Each structure stands twice: as C-alpha cells, then as structure tokens.
Amino acid sequence: MSHASVPDKPVLEGLEAKWTPRWDADAVYRFDRTAPRERVYSIDTPPPTVSGSLHVGHVFSYTHTDVIARFQRMRGRAVFYPMGWDDNGLPTERRVQNYYGVRCDPSLPFDPAFVAPDKPASQAVSISRPNFIALCAALTAEDEKAFERLWRQLGVSVDWALTYATIGRHAQRVSQAMFLRLLAAGRAYQTEAPTLWDVDFRTAVAQAELEDRELPGAYHRVRFAWASGGGQVEIETTRPELIPACVALVAHPDDARYRSLIGKNVLTPLFQVPVPVKAHPLADPEKGSGIAMICTFGDLTDVTWWRELALPVRAVIAPNGALRPVTWGASGWESGDAAAAQREYDALAGLSAVKARVKIVERLKETGDLIGEPKPITHHVKFFEKGDRPLEIITSRQWFVQTMNAREALIGRGRELQWFPSHMRSRYENWVNGLNGDWCVSRQRFFGVPFPVWYRVRPDGTTDHDARLVPAESRLPIDPSTDTPDGFEPGQRGAPGGFVGDPDVMDTWATSSLSPFIVCGWETDAALWKQTFPMDLRPQAHDIIRTWLFSTVLRSHLEMDALPWKHAAISGWVLDPDRKKMSKSKGNVVTPMGLLEEHGSDAVRYWAAKGGPGVDTAFDASQMKVGRRLAIKLLNASKFVLAKTEPAGPVTEAIDRGMLQRLASLVREVTQSLEAYDYAAALRETEAFFWTFCDDYIELAKRRRAGDGPGAASACAAATTALAVQLKLLAPFLPFVTEEVWSWWREGSIHRSAWPVADEIEAVAGPGGPEDAMFRRASEITALLRSKRSALGLGFGVRVRATDLTLPGETDRAAWAAIERDVLAGNNVMDAAVRFLPSGVFDATIEAMPADG
RNA sequence: GGGCGGUUAGCUCAGUGGUAGAGCACCGGCCUUACACGCCGGCUGUCACAGGUUCAAGUCCUGUACCGCCCACCA
C-alpha cells in the first residue's frame, strides 16, 4: 500500500473548494432511479424563501437534515434529496419593490422596452404585471445562486439535478391541477366574506400567517344616546374611528344592567345612526362597560356577532386602510341627521385609521360624547406576520380550501406521523384544534401561481362569478390573465358575453404544501412516484408546523387520503446568546458564508449537529472552534495511523482488542441514535470515543506498533480498522475532512462507502468481554500515572519508575500481564513493582530515573 | 386563559432509579519524533423550590416559581 498521498502537514483550508466540485463531477449524491422503493430514502427538503436573508438558522437545520441524508446513504439507501426554492409570493415582491424601486400596477400594459433602474428612484416607478414578474424572476435567480453557493460550501449533499422552484412551470402545473381537483370535489370554493386583510400589501391573508403584536392603545369611553326615552349608554372602544361602521351594541343576556335595553335602539354619536342593542353570550360583562360596540369589522369577534345576529354591513375601511367615501342620507346610509353625518364623515374620509381616530376623538370631545380622557393601555393586535400595520377585516371575494370539516381526520394523521422529537406533535394538534375557519388560499398579489379559472362576462358587462370556466389539466399551467379559455377568442376578454381571468394568485403555502407532489413526480412520473412517495422524511423547524407541515398533511390527506411522509424531524431555532431568537439584524452581521469561511464548514456543521432535535440552540462560536479542533485532530491522528500500516496481522493484543470491542458497541449505539434522528447523541458518542482513541489507545499502543513483530501487526491492523470506522461514523458530520483522509488511502468517496457494522468489527476483535475491561483498566492506570507525574512536576519526557503500583484485587495477574507492557511503555515507565490488593486501593508511587537512562 | 418545552459547574450542554458528567473558560505543568491549531494535570455543583413514592430520586409523582415557545382572548 502506498502512502505517498498522506501529506506532511495536513490542513483544513481549501477542503471545501477541493471536494465540492469533485463530488459534483463524480455524481456522489445522484439519486439512483433504479433503486426499489424499500431501498429509497426520500427527503422533503424545505424550500428556503430565497428572498429572505441567508442566516445561521438555515445552516443549522439543513445540517441536521444532511447528517441524516449522509447516514442513510452510507447505509445503502438511494437517497432522494432534492432542493427547492421558494421564490413566489410576497417576500420576493417586496424585495423587488425595494431593490429596483418599482411598484406593480396590473392596469398598465406590458412594456417590452422596460429596463429596470440601477438603483431605486425616490419615487417608485409603476410597471406592468408582466414586467414586474420578470423582475421577480430575475432577482430570485440571483438569490438562488447565493443559496446554492452556501449549500455547496456547507456540504449539503442534495442532488443538484433535482431542483425546483415554487414559481417554476412544473410547480405551477401541480398547484393548478391539484386546485382544480379540489374545486371539482367541492373542497375548494369561492365566497365573498369578511376576511383578514393587510392594508399595505392589499391582500387577504390566512389565519396561519397571523401574529400578535403588543401595541399601545386607549380605551375611549363613548356615549350612545337612546333612540327614544332620553337615556344614554356608555361603551368602551379602542377604535372610535369605527363608530360610523357600528351596526349594533351587544351585552351579555344575563347582564342585569343592560337587560332592559335589549331590543331597543340607540343612536351612534356624531352620525346619529339608529342601531339595535342585542344580547349575545360572547359579550363579557367584565370587559369595559360590559356593553360593546359591534362594527363591521373591528375584530374577529365582530364577525361572529355580525354573522350570528344577522346584522347589516357598514364597511368604512377601504382595502388600502383608509376610510372610504360614504354617502349618507336617502340614497346612502341611514342617519337621524344625514347632513350632519355626511359632514362628520367627510372630515374622516380618505384618512388612515390612525389619523381618523385622532380626528374623531377631537370631535367626540367637542360634542361631549367622549366621557373622560382616553385611558392608555397596551393590547395585542393581530398583524400579518410580514406586515407593518394591524390587519383589518374586509369583505372580499376569496378562494377557500375546506379544513374545518377535516379537523378530526387531520388530528388522526398527526398521530400516524412519527415526530422527532415526539412532543412536537402537540404543537400540531394545538393548531388543528384552534382552527377557526377554512383556509383562505387566494392573495391579491402578482408573483404567484394564478388560479386557473376564468369567469363569464354577462351581457351587461358584469362578471358572473358563478359561471366559471376551467381548463383541462393537459393545458396547465395557464395564466388566465393572458391565456384564453377553450371556445373563446382573445378578443372576448372583458367583453360582454366574453370572459375575464381570475385576478388572484395562490397563497405561497398553497404551493409549498405540495412539495412532495412536486418533487416525487405526481401524475407526471409514475415510476418516480412509486419510488419516492410517501416520503421518508419531512425535516423542518418548529415555527412552520402550523403552516408548511400542516398544509402539506392537509393536501396529501385530501388528494391521496394518506400521509405525505413517515417521519417529521423538527429542528429548533438558533438563539442569540441572550436566549432570544436570532434576530434578522444579527443574522446579517454574522453571515453564514462568513462563518463557513472563518471556521471551516466541518466546524460549523459540528456546532449545528450538537443542537439536538427540536432544541433551540445558542449561537456559539466557541463550539465551532471545538469542531475545528476535532477536524484538525482527525487529520493528524489519521496521518499518524496511516504512516505505518505494516505489518498487518491478526489483532491479538488485549489493548487492541479492547479498543475495537468498545468501538463495536459504539457503532451499535451511534447507528441506533441516527436511526432515531438523534444526530446530536451520535456525534457526542463518536467524538468521545475518538478522543479516547487518540489520548489513550494511540498512546498506549504506539511504541509496540513501531516494531515489526506480531504485536506491531496487531496494533497496525487495529489502528487502521478503527480509523476507517471512525472516519465513517464522523463522515455525516464532517464530510470534508473525512473525505480528505479517506482519499489518502482508499478509493472512491467515503460518502458512498458502507456504514460500519459492529459484527464485522467483532469478527476481528472478538465480542465485548475481558479485553474491553482491560483497555478500560489500562486507561485508568494511565490517568493515575499521569496525575502522579503532574503532581511531581515530571514531564512526560522524564523516564520514571513506579516503586509501588497497587491495583485493586479484581485486576488479576493475568489481566495485568496482558496490558503491562503497553501501560508501562505508554507512560514512559521503566519498570513497576506491582501489588494486587483486594481492598481496592488503587495508587502509585513513582520516582524519576536518572537522566541518562 | 389553554398547551408544550426548559431550569444540572462561570458559559454551552449530556445525563429517565443505584457513589454528580463533558467541552469551553480558568489555574498549573509539559517541545512527549501524529498534532503547540498540541499534550498532561487541577479547581469548580444545597442538580430552581416544596412536598411525596422508594432501601435508594438530578432521574418517578404532586404542587410552586422563573425562562422560552405555540395557541386563544384582547369592547
């Protein structure tokens, strides 16, 4: 065997640049299309939002998945490990708007000569929808390259031949086809209803995209006069600007204070609108004055009351968040004094909700309808998670997918799924149980998958939303804004008797939720589908259980009546050292690529893999240094082992056999841990063994190994065997350094080599038994001698004699004889006077030998 | 308000019934022909708190406190 390729001074620098292209060229991670299903391991890789920033959280969770992928590959599985890019949706639109300083105006015609500005102008440039989409596509292509560079540098072993984009043609086709099937099955429907609405993005949003934020607000105590009888009643509201939208007051049916008022009318202040007082059990006598103003719509409770009490709609908030124009009086809204109402309202119309609030409070003060001063409070307000202003509730026509009637079945699916860690299931159940409406899947946006639907235009030019036209699946994907339904001519678009396209696009989760269908070749590649679906693993972080995981389970349940995967491995988050979620700004300071360059990819992976499944983990550069140290140690130990592999012979020595026996049991444990997705435990155990291997085994055996007799042959064989096994155990974690060492000495990629098997090691070393104990005892004696040496200030170079070495009774003479030579040589001890004491005393007295020796 | 997780050495974390652990940090020593990007040794703990079960509890049970997250409510 030639070891010419073992370098004198091995270094980590440059290993990423060396191996990444080689893995690519050798197709090391290429999926085997010929593998039978039982040998396939398929992974539903999370498609990262490419327009989001790259941050260490990505590195963290993708490393976890990659460790599993590499482990399964070495176990002989054909790993189906695609990579997707989530490029559609709002994050991209927002990034394009800011990056180029443009704004999409769907009413504009396509401008083929349009060139994107180099830098954003102070005033946003309005461009057509096709121009806007082109910019989105161009920018995401750039973003995807940055992600790919990062994944390659990190050593993520995806098959780069298997990539998809959620805005790509194939993903659009799958999204549209599955939507049409839901529509045909009656599981998707369109309705006009109050919907959560973001006023800046001007789109509907779903329950899953909400988040609460704490905002300062104030209770305004406002007087409503009785319509007759001269009394008055006081309500408290945080949104006085919605008084013109008030349709009723509501009190609890058992609330004695207001019982006599139920069924009577009161007049809204300023606008003099007669509104009824109603009873409803949801009204809380403890809150505010115990009687509430129902507006259309201030919050979700208003929607409930409005629906259950069959109240009219008086909507004042326009899609852009401003108060819309309203006509009062005979031809408009009812008022006891229409002229006054119009005057009051005109002062508010066009203002944002916040500005209108200030204004109306002034007026209420002037009229005396505001009782006392507003009382400042802090309260939670619903926001779109990507939004900047509180959500409004606006009535609009939207597409929904039925979920409420599937809730029980979905809970069942969650129980079928194997979760790692298992407690993450409760987050899922929590979410499913808390659902309060069907899934709103339509968005009034541009860069997304369009709904493949047209509507007939009535002779009078209005749209007949009930007269839907849908394409055959074979035509998909289509864009109804440019494609024409069968049987129509393009010229009929928008014309009476013609057609119009549905203007909306799908929620990004409506496409992401189909990732297994997109990657596994649903309806397009029957062989691949059979090979890969249902998938083996869904890896993801816990924050998107309610979105991605939930919606994928839902879609698979509806389409396949089955789970989309067997296992869900949930990663935690990366936290700041102060235990807060790693903030965006911080994530940008610590760029992932910078980390990889500074510490080396293997070192960063080491830190990531130490964060166990589901465990939020502190960002910790010191752990990366430890990982780097491990990688360097691996280089040096390997160099040492491979510097002498001859003579090789039967493993006969106790120390050698004991070390290998422990290694065999390590292999069993590590394999078990990785099968259970506990990569952190696997790494911990392997690492601990490796340091023992270096610090104890090598030190004990190296002098014997230096010879050329049977003892040396035993040591050489044991050391090379152990090295190969440890490299393999570490390969999923440290793919670069292990591949480098492997290449010094073996053919092919370590990442395609067979995972070690304990039985094979034991075939060489014998099953765990007396030698295992002897090796442990040798380590203990070594620790004792080192401690004595240190106490006397004797460096290792000083040869010593043990004038008295007392060993516990259970160390019998035969066992000692088997390890004596190695223990003495490994500790630079000339000779030892040994006593065996049944009392269990374990001690040594040593003294320095004359310098000459 | 409901749910889930956590609380172990200065820090980051292992440890699911049997004498408290690792790494980092810190202190001291060592050039020992794989590695000074190294090696050796040492210091460090009322295992959050209170009860209970047990021969035995960091570990199991009950409760409390605090931290984090998810959800709900938010007139």
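Numbers below:
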| item | result |
| --- | --- |
| Probe 1.4 Å, protein heavy atoms only - accessible area per residue of segment A:567-725 in square angstrom | 36 Å² |
| In segment A:353-390, GluC sites (Glu not before Pro) in a DSSP loop with at most 16 other beta-carbon atoms within 10 Å | A:Glu385 |
| Over chain A: helical MRE at 222 nm, DSSP H runs n ≥ 4 each giving -39500 (n - 2.57), nearest 500 | -12000 deg cm²/dmol |
| At R0 = 56 Å, FRET efficiency that the Cβ-Cβ distance of A:Trp691 and A:Thr482 yields, to 0.05 | 0.30 |
| Alpha-carbon Rg with Dmax, taken over chain A, Å | 35.5, 118 |
| Inter-probe distance in nm under a simple model that places probes 7 Å from Cα toward Cβ, at A:Glu286 and A:Ala184 | 5.3 nm |
| Segment A:749-853 - share of DSSP beta bridges that are antiparallel (%, nearest 5) | 50 percent |
| Size of charge dipole - segment A:289-397 - debye, nearest 20, with Cβ of Lys, Arg +1 and Asp, Glu -1, no other charges | 300 debye |
| Residue (of A:Phe132, A:Ala193, A:Pro240) at the positive-pole extreme of segment A:130-277, dipole from beta-carbon charges | A:Ala193 |
| Solvent-accessible area per residue for segment A:338-417 (1.4 angstrom probe, square angstrom) | 50 Å² |
| Over segment A:349-450, relative contact order from alpha-carbon pairs under 8 Å, at least 6 apart, % | 25 percent |
| Relative contact order of chain A, pairs being alpha-carbon contacts under 8 Å that are 6 or more residues apart, as % | 14 percent |
| Cα-based helix-to-principal-axis angle, A:621-642 vs chain A, degrees rounded to 10 | 30 degrees |
| Calculated FRET value between A:Ala256 and A:Ser422, using beta carbons and R₀ = 45 Å, to 0.05 | 0.35 |
| Listed residues A:Leu630, A:Leu300 arranged by accessible area, highest first, probe 1.4 Å | A:Leu300, A:Leu630 |
| Accessible area of segment A:150-298 divided out per residue, in Å², using a probe of 1.4 angstrom | 36 Å² |
| Cβ charges +1 (Lys, Arg) and -1 (Asp, Glu), total dipole of segment A:735-853, debye | 440 debye |
| Rounded percent of accessible protein surface that carbon and sulfur make up, chain A, 1.4 Å probe | 52 percent |
| Extension gain from A:Phe842 to A:Glu646, taking 0.36 nm per residue of separation minus the Cα-Cα distance | 66.9 nm |
| Segment A:471-493 and segment A:636-687: distance between their alpha carbon centers, rounded to Å | 64 Å |
| Rounded, prolate or oblate (a/c below 1.5 giving rounded, otherwise prolate when a/b exceeds b/c) for segment A:516-674 by Cα gyration tensor | oblate |
| On Cα atoms only, tilt of A:129-154 relative to the major axis of chain A in degrees | 20 degrees |
| Nearest-10 value in Å² for the accessible area of A:Arg835, using the 1.4 Å probe | 110 Å² |
| Relative contact order (%) - criterion: Cα under 8 Å, at least six apart; region: segment A:463-565 | 22 percent |
| Exposure ranking of A:Lys728, A:Lys264, A:Lys18 by accessible area [1.4 Å probe, largest first] | A:Lys264, A:Lys18, A:Lys728 |
| Calculated from backbone phi, Karplus (6.51, -1.76, 1.60) coupling profile of segment A:763-768 in Hz, x at Gly/Pro | 5, 8, 9, x, x, x |
| Unit charges on C-beta of K, R, D, E only; dipole of chain A, Debye | 380 debye |
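The values are calculated or read from the model by the stated rules, or taken from the named source; none is laboratory data. This one's a predicted model, so the numbers in the text were calculated from it and none came from an experiment. Don't worry about glycine lacking a Cβ; one is built from the backbone with ideal geometry, like all the others, and counts go over all protein chains shown. The accessibility values were calculated without ligands, DNA or RNA, using every heavy atom of the protein model including side chains. Shrake-Rupley method; radii C 1.70, N 1.55, O 1.52, S 1.80 Å.
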